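One structure is given here, and the rest of the page talks about it.
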Amino acid sequence: MNFNRTTEYALRILSYMALHDDVICSAELLYAELKIPKKYLQRMLTDLSKGGFISSSRGRNGGFSFVRDIKSIFLADIINFSEGVDWAPKCIFGFKECALDSPCAIHNLWTENYIAQVKMLTTTSLADLKRQVSAG
């Protein structure tokens, strides 16, 4: 699956924050660690705040933290927020008419793969990612 840059950055930001959820992450820390252009990062943090994923706190020890438990934030939630709900891939061969009633040569194999990917994205939370990284 190919996602737009905004989605990739949203996944990076929230995954990093999940791995470090014991601290409030400042924009400067996220910039230094993730190498996302500053203006883009600032816009992303604002959008993720408006989307109900994170909140900001001001002041000397301010930064960003999760609004909800990371167990309840699934990868598909982040993708749906960033890509919109219609992020299903198009025909791998580029045919506009590829569908169940007029499939291309690889349609059935691709559909199986796509279904497996969607299942993984809808059942994997940020807490799951943190657990996997912690386990090594």
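A few comments on the model shown:
- Ranking of D101, D69 by neighbouring Cβ atoms within 10 Å, starting from the fewest: D101, D69.
- Sequence-separation-based contact order of the chain, relative, with Cα cut under 8 Å and 6+ spacing, percent: 28
- Rounded tilt (10° steps) of 38-50 against the dominant C-alpha axis of the chain: 80
- The chain: angle of helix 5-19 to the longest principal axis, Cα-based, in degrees nearest 10: 50
- GNM result for the chain, Cα springs below 10 Å: residue of I79, I13, I92 fluctuating most strongly: I92
- Cα-Cα over 28 Å, subset of K38/K96; K38/K90; K90/K119: K38/K96; K38/K90
- Cα-based reach from K130 at 15 Å (exclusive), listing aspartates and glutamates while leaving out same-chain residues under 8 positions away: D21, D22, D69
- Taking every Cα-Cα distance in region 5-135 and sorting them into 10 Å bins starting at zero, the pair-distance distribution P(r) comes out as 11, 37, 28, 16, 7, 1 percent.
- Using alpha-carbon coordinates, inclination of helix 107-123 to the longest axis of the chain, degrees: 20
- Each of G52, V23, N80 was scored by the projection of its Cα onto the charge dipole of the chain, and the greatest displacement toward the positive side belongs to V23; charges sit on the C-beta of Lys, Arg, Asp and Glu.
- 222 nm mean residue ellipticity, helices alone, for the chain (DSSP H n ≥ 4; -39,500 (n - 2.57); rounded to 500): -16500 deg cm²/dmol
- Simple Cβ-charge dipole of region 5-135, Lys/Arg +1 and Asp/Glu -1, about Cα centre, in debye nearest 20: 540
- Gain in span if fully extended, F93 to K50, counting 0.36 nm per residue against the direct Cα distance: 11.8 nm
Each reported figure results from applying straightforward, stated rules to the coordinates on display, with no laboratory input. Here the structure is a predicted model, which is why all the values come from computation and not from measurement. FYI the Cβ positions are ideal-geometry reconstructions off the backbone, even for glycines, and counts take in every protein chain you see.
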